[in-house]
Amino acid sequence: MRSIQDAKRIVVKVGTSTLTHDTGKTNLRRMSRLAAVLSDLHNAGREVVLVSSGAIGVGVGKLNLAGRPEDTPGSQAAAAVGQCELMFLYDKMFGEYGNCVGQLLLTRDDVDNERRRRNLINTFTRLFALGAIPIVNENDSVSTDEIEFGDNDALSAVVAKLVEADALIFLTDTDGLYTGHPQEDAQAALLPVVPRVTEEILALAGPSGSNRGRGGMITKLQAAKAATEAGIDVVICNGAQPDILFQLMDGRQAGTWFRRQETGDGKGGSAS
Ligand code: GLU
């Protein structure tokens, strides 16, 4: 049975709650550790894509706004400022470890339109060949209801399929999927492995735990369903210590592993 350890191409998604403090300001310690860990995985021969949220959250912090803007132009403006700051920090931090990053900002049109989709795949392919680390976000400054992915959990499943990743790893603010609400139910247990994302599994999702990002457990489970059905292994784990990625890549248990399904085209193989 293939495990996460064997994944050569991985997509790592990090959420706003992991990248920012409760104050709304950037969590520099965590970001720099994430850059160090991903750089080392890259140096060890893995192909890494980072799907990073945080544009709006970091923009809110940098502009000293009281909270997330409620109107679209406000969010778009915060994202324009925050995306710039995010990439400045990633470029600096990955650069300290001798690695190169490239920014890709996407809207749904970019993957729905066949020609743009093909161009996008070509860009990813060339970035991998050049040894650069693609960093992806939704293009929040131009994105509106009609063309948005909605949240970066959905976006990361789309990206994982686009680049034919072996694994998609969500770094979030909970340890994984529980059988109940861990803060309210003493009996709630972490599920180490989910063989298939069924209706019963989807029903385990509670509401989003943070007000700084958009997604929650339900959007991650929906993304896990889409990715596993496309033959991609998925893990939801706690991003408070980005070193958890080493644990996973060394083949040790962490978070909840959603096993990929057979796709009939050679991808997948969770049943073995
Ligand atoms: N694209 C949004 C941002 O960078 C995040 C969306 C999400 O939290 O899923 O702020």
Original post:
Which residues, counting only those in the stretch 48-76, are of a type in the set (A, V, I, L, M, F, W, C) and more than 24 Å from VAL12 (Cα to Cα)?
Top reply: LEU63, LEU65, ALA66
Original post:
Within the group SER17, SER52, which residue is small (Gly, Ala, Ser), within 15 Å of the ligand (Cβ to nearest atom), closer than 20 Å to VAL142 by Cα and buried (at least 20 other Cβ atoms within 10 Å of the Cβ)?
Top reply: SER52
Original post:
Just to be sure, is LEU34 farther than 17 Å from ASP140 by Cα, in contact with a Pro (Cβ under 6 Å, 6 or more places away or on another chain) and within 16 Å of the ligand (Cβ to nearest atom)?
Top reply: yes
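A quick yes/no check of all residues on (1) within 22 Å of ALA254 (Cα to Cα); (2) in contact with a helix residue (DSSP H, G or I) (Cβ under 6 Å, 6 or more places away or on another chain):
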position	(1), (2)
LEU34	yes, no
HIS42	yes, no
GLY45	yes, no
GLY61	no, no
GLU85	no, yes
LYS92	no, no
TYR97	no, yes
LEU105	no, no
**OP:** Go through the stretch 139-173 and count every residue that is within 9 Å of the ligand (Cβ to nearest atom) and free of Cβ contacts under 8 Å to residues at least 60 places away in the same chain.
**Re:** 3
**OP:** Name the residue, out of GLY24, GLY45, GLY57, GLY61, that is in contact (Cβ under 8 Å) with a residue 40 or more places away in the chain and at positive phi.
**Re:** GLY24
**OP:** Specify which of the listed residues (GLY67, GLY45) is modelled with pLDDT of 95 or more, assigned to a loop (DSSP other than H, G, I, E, B) and either touching a Leu at 6+ places or on another chain (Cβ under 9 Å) or not aliphatic (A, V, I, L, M) (or both).
**Re:** GLY45
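The values are calculated or read from the model by the stated rules, or taken from the named source; none is laboratory data. Because the structure is predicted, anything quoted here is derived from the model rather than measured. Note: ideal-geometry Cβ built from the backbone for every residue, glycine included; neighbour counts use all protein chains shown.
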